[in-house]
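Below is one structure; the comments refer to it alone.
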Amino acid sequence: MIKPPAVPQKKMTIAIIGNPNTGKSTLFNLLSGGYAHIGNFPGVTVEKKVGSVIWEDRQIDLVDLPGTYSLAPRSIDEMLAVDVLLGRQKSVPLPDAIICIADASNLERNFYLFSQILDLSIPVILVLNMCDLARSRGIEIDSQALSKKLNLPVVCTEAHQGKGIDELKSAILKMGVGAEHQPLALFPDVFYQERNLLKEKLQDDAQQGAPNFLVDRLLLDVGGYVESYFEHHTHDGLIDELNQARTRLKAAGCAVPAMEARLRYGWAGELLQGVVHQPADEQVTISDKIDQWMTHRVFGFLFFFLLMFFVFQSVFTWAGPTMDLIESGQEFVDGSVESLIPPGPLRSLVVDGVIAGVGGVLIFLPQIVILYFFIAVLEDSGYMARAAFIMDRLMRSLGLSGKSFIPLMSSFACAVPGIMATRVIENRHERLTTILVAPLMSCSARWPVYTLFIAAFIPNIAYLSIANSPIVTLQGIVLFGMSSIGALVAIPVAWILKRFFFQGDVAPFVMELPDYKWPSPRNVILRVYRRAKSFVVKAGTLIFTTSIIIWAAGYFPGDHSEQFQIQSRIESNEASLGQIEDQLASVTEGDQESLKELQNQQTLLTSEQADLYEKQNQVSSQLVETSFLGMSGHWIEPVVKPLGWDWKIGVGVIASFPAREVIISTLGTIYSLGGDAEDESGLIGSIRAATWPDGRKVFNIPVAISIMVFFALCAQCAATLMVIQRETNSWFWPVVSFTYMTALAYVGAFISYQVGMFFV
């Protein structure tokens, strides 16, 4: 008899929290099995990751909270973590338990956050992660003694190697649903008296049921987010009452905020006595030795530059075979559709609209995947923190700090999370400057534009090869240059913004340098998969819709009956030519009369095919020129002609406002409708064959560079502008960003083309 699967009888919500760089993401991925639902918390742009798993008779919902050093919120995303832990976030129920992850090699610092979590009335599981790193430093931890002192489960793990996960699952299953935990009471009685007085006043002002933890934070966090939150929801005298309460606490020897740090670190130090045994002499770790070079003011910067150069070279070199395979697949799909659907509007929609548009973007997926792979490896290995440290000196010369580097580096993948990452910058002027220059970083949406025109017009010359494998190529150098141009332009832009608009001192930059570690293959694969999936979904929605709109605008209002007749005749001739080739193969050498007759038929049909293709291109081109798309294109052509562009490129640029990569699908649709795709294989062949009315080639190297420079500097991304509006709570800054970037892009494209034509 087959035993039916167990049906979960209980449901638990587990919140996972910890300091940055403690392996929280790795642990979450291991517990969730990599099956996480990713979205945004309602009303904010903070990412929400929830993994649902079934263990034995219980359904576990794991909620991955943003990494933080404390529960003293100073921004909306930190406040959101507090709201989740207090059950105040509507999309997530009150957690039944909290998994607090701590770095086993630095427990005292990590226990500051841990002590704040113990102030909540929620059961806690303490996870000591990276125990192997602690052992390598000579640190010994008696986890059983620590568990007895805390009266809660303590689990030792090495998440990057998958060790300790079963023990953690067992500890979770032993937790009771709806259980409570006695809060940790570190502060003197006078503090809790002031808290109760303040809570009563807040309740009188419609703040019924304000959790004790929030009122504690209101007293302790001077100028924090909780203070501003309550100030907007209560009477105007709140700040005065807070100041009076803090004055009374200071008189009683409990000055805030210094009191909290003193008491929490004192508690952590006392707790760890006899539990953690440190080596007598501080050891020089491998990470310390590596950092002597990686953070060196000269060698560190040189290594960073060479690393980035290697990344861009590899992206172009390694992706080639896979891109060829995808292109072959697209051609196969084209042929299959054409064999099933006769010439007509439906075939044109599917082949010229959907396949030419979406397929033209998907071909660049291998390059996007390789880029995401390198970024994931650098993040997971701990090198990104070193890169921020190295770049701090340069950033300060621009009026920014190293805190701006991580958001800017993230923007090389996508400006949306890069702009969201500016929340870690407390200084408002520095944050606004970073937001305004972040879209200048060459995000992955620009890469299809670069790779298309580089592959089409930049010679594939190898300057350095090893075992006949190209290492440094001209195409890779140009890709590196195009990917860097936005960052180079961002330097004077940031300097101007800080010098004339956002004046002020640069905030001090303090950050933790985590130990180097081998990247977790699981983490890297999951990050690459999620980002690549996001790119494909975008191609399947926004680009799909845009392709159909562009197809319709380029198809109507012309009469396509002659075009379809020519297409039918071409396909009939192709079938006849195939039959003749089969007959020629079977004709014997002695039957010269039949051989000559078949060859004459073949010559006539081949000549007729050439005439039909030429006629088809003429008719198709005329239909596109007289379409709605063509009419609008000719209207804007005088504006874009100084850049070396024809009306088709101009239409592509306008259509790509929702997302830069849409220009690829737009050009693919336009050239396919215009018959240019028949001249050579694929979009690259089509743009190479495109001509002006007088027969001159539209595209050359200066035109290609002009287009790439424009897209390197323009603000063709509606999602980025929307995020700027949401992060600044104003439409003024998105308008400023779009205006100055479009002007920069036009000037840059104009100079590139005009200067380039002197050398052609």
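The figures follow:
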{"item": "Global geometry of the stretch 108-164, whether rounded, prolate or oblate, following the gyration tensor of its Cα atoms and the 1.5 cut on a/c", "result": "prolate"}
{"item": "Candidate lysines - alpha carbon under 23 Å from residue 49, same-chain residues fewer than 8 apart omitted", "result": "10, 11, 24, 90, 163, 169, 533, 538"}
{"item": "Built amide H within the under 5 Å cut-off of residue 473, gap 5+", "result": "463"}
{"item": "Residue 263-residue 289 FRET efficiency (beta carbon distance; Förster radius 35 Å; 0.05 resolution)", "result": "0.40"}
{"item": "Gain upon complete extension [residue 549, residue 573; 0.36 nm per residue less C-alpha separation]", "result": "5.4 nm"}
{"item": "Of all accessible heavy-atom area on the stretch 12-174, the percent that carbon and sulfur account for (1.4 Å)", "result": "46 percent"}
{"item": "Ranked order, 191, 564 - accessible area, probe 1.4 Å, largest first", "result": "564, 191"}
{"item": "Spacing of the two label points (7 Å from each Cα toward its C-beta) at residue 255 and residue 618, in nm", "result": "9.2 nm"}
{"item": "For residue 501, solvent-accessible area (1.4 Å; no DNA, RNA or ligand), Å²", "result": "140 Å²"}
{"item": "Note, ³J(HN,Hα) from phi for the stretch 689-694, Karplus 6.51, -1.76, 1.60, rounded to Hz, x at Gly and Pro", "result": "8, 4, 9, 6, x, 8"}
{"item": "Neighbourhood charge, 13 Å Cβ-Cβ cut-off, centred on residue 526 and excluding it, Lys, Arg +1 and Asp, Glu -1", "result": "+3"}
{"item": "Accessible surface of residue 634 - all protein chains present, 1.4 Å probe, nearest 10 Å²", "result": "70 Å²"}
{"item": "Theoretical gain in end-to-end length, residue 140 to residue 739 [0.36 nm per residue, Cα-Cα removed]", "result": "209.8 nm"}
{"item": "Sequence-distant residues sharing a close amide H with residue 155 (under 5 Å, placed H)", "result": "126, 127, 128"}
{"item": "In nm, spacing of pseudo-spin labels at residue 108 and residue 641 (7 Å Cα→C-beta vector)", "result": "7.5 nm"}
{"item": "Accessible surface ranking that places the most exposed of 56, 614 first, with a 1.4 angstrom probe", "result": "56, 614"}
{"item": "Beta bridge orientation in the stretch 12-174: antiparallel %, DSSP, nearest 5", "result": "40 percent"}
{"item": "Equivalent ellipsoid semi-axes - Cα gyration tensor, the stretch 12-174, angstrom", "result": "24, 18, 15"}
{"item": "Area accessible to solvent at residue 641, 1.4 Å probe radius, in Å²", "result": "110 Å²"}
{"item": "Spatially proximal lysines relative to residue 648 (Cα-Cα < 19 Å; intrachain offsets below 8 disregarded)", "result": "697"}
{"item": "Under-5 Å amide H pairs with residue 18, H placed in peptide plane, nonlocal only", "result": "68, 101"}
{"item": "Inter-site label distance for residue 173 and residue 331 at 7 Å from Cα along Cβ, in nm", "result": "5.5 nm"}
{"item": "Reachable lysines from residue 596, criterion Cα separation under 30 angstrom, eight or more residues apart if same chain", "result": "615"}
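The values are calculated or read from the model by the stated rules, or taken from the named source; none is laboratory data. None of these values were measured; they are calculated from a predicted model. Here the Cβ is made from the backbone with ideal geometry for all residues, glycine too, and neighbour counts use every protein chain on show. Ligands, DNA and RNA are excluded from the accessible area calculation, which covers all protein heavy atoms including side chains. Shrake-Rupley method; radii C 1.70, N 1.55, O 1.52, S 1.80 Å.
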